[in-house]
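Below is one structure, written out as structure tokens; the observations come after it.
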Amino acid sequence: MIKVAFKRSLSLISKQAAPMLWFKPAAYFNVKKYTNNWDLSKPFIVEMTDYLATAHTCNMIANMLKDNLHQITDRHLCFALLRIWEDDIELDQSFNNIIIPIVKEFVKNFDRECNQSLANLIQYSAFLKVQDDALWQLFESKLVKERLYRYIPLKELCKVAYAMAEAGKGSPECFGNIEKVLIKHRLNLREDDLELAKIAFEKRPLGSQLLLEVLGNPTGDFQAMEQRERERTQKKIQQH
């Protein structure tokens, strides 16, 4: 049964109130692994989603996540942040003190099976203007050090690049890896993908001239583009 922390909106009440999480270290959450959908019953998944959809404050969402910490999935977490962003819910103290620490503990355990959730959480964190450096370092580590960018679908990777650029985040190595994917799969980029990628590399000017040419004309003569890139590289070497 789902535990919920607010009495007026829902009928199921947690009998024992958990301590306020902002007095607890991150280890308090003790999330050893993420929970998959198949670990839970379908009624629970639907019920939790319905309750998250009913909540209308950050505190309500935070308490719901906290009280059901070892039963929620990464998808529930994504839906919670999506609700906050789409419904323009005010970010109160519980957002930074409860929700973000929970997000961090989950992200630590992400692997390639969580590629969609990783992409979603990066986007929602950017759009909600999350300033938690530790969270952004985790995202960077997952994308670069653990190389999870390889498992994110092309369309979602363009959204990730756009979101990170909007937030002013992402190292040259991170954007360099994204560039390689975009160039390799240039013929699969759709118009909206190209637009997001262009904006991302305009805001974070970490892409090569070759990438900019590819984004401008993905079906163009790639060998000619590569030759021009080699000439530019050679010219730079000669200048130094």
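The values are calculated or read from the model by the stated rules, or taken from the named source; none is laboratory data. Being a predicted model, the structure only gives us computed values, none of them experimental. Note that we place each Cβ from the backbone using ideal geometry, even for glycine, and neighbour counts take in every protein chain shown. All accessible areas refer to the heavy atoms of the entire protein, side chains included, with ligands and DNA or RNA removed. Shrake-Rupley method; radii C 1.70, N 1.55, O 1.52, S 1.80 Å.
Give me the accessible area per residue for the chain, probe 1.4 Å, as a whole number in Å².
55 Å²
As a test of the formula, what do you get for the chain when each DSSP H run with n ≥ 4 contributes -39,500 (n - 2.57) and the sum is divided by the residue count, at 222 nm and rounded to the nearest 500 deg cm²/dmol?
Helix-only estimate at 222 nm: -17000 deg cm²/dmol.
Which value results when the Cα radius of gyration for segment 65-203 is divided by 2.2 N^0.38 Å?
Dividing the Cα radius of gyration by 2.2 N^0.38 Å gives 1.03.
Could you look at the chain and say what percent of its accessible area is carbon and sulfur, using a 1.4 Å probe and all protein chains?
48 percent
Given the protein chains as shown and a 1.4 Å probe, how many square angstrom of Arg112 are accessible, to the nearest 10?
130 Å²
For the cross-link pairs Lys159/Lys180; Lys66/Lys159; Lys145/Lys169; Lys169/Lys198; Lys155/Lys198, which exceed 18 Å when the distance is taken from alpha carbon to alpha carbon?
Going by Cα-Cα distance, Lys66/Lys159 fall outside the 18 Å limit.
Let me make sure I get this right: for segment 160-240, a, b and c are the square roots of the gyration tensor eigenvalues over alpha carbons, sorted descending. Under 1.5 in a/c it's rounded, otherwise prolate if a/b > b/c, else oblate. Which is it?
Judged from the Cα gyration tensor, segment 160-240 comes out oblate (a/c at least 1.5, b/c at or above a/b).
Which value, in debye to the nearest 20, describes the size of the charge dipole of the chain about its Cα centre when Lys and Arg Cβ atoms bear +1, Asp and Glu Cβ atoms bear -1, and nothing else is charged?
600 debye
Which order do the peptides 98-107, 216-225, 53-62 take when ranked by the mean count of other beta-carbon atoms within 10 Å per residue, highest first?
98-107, 53-62, 216-225
Counting only residues 5 or more places away or on other chains, whose amide H sits under 5 Å from the amide H of Thr73 once H atoms are built in the peptide plane?
none
Let me know the whole percent of all Cα-Cα pairs from the chain that are separated by more than 30 Å.
Value for the chain (Cα pairs over 30 Å): 35 percent.
Students sometimes get this wrong: rank Ser125, Ser208, Ser41 by accessible area, probe 1.4 Å, all chains present, largest first.
Solvent-accessible surface, decreasing: Ser41, Ser208, Ser125.
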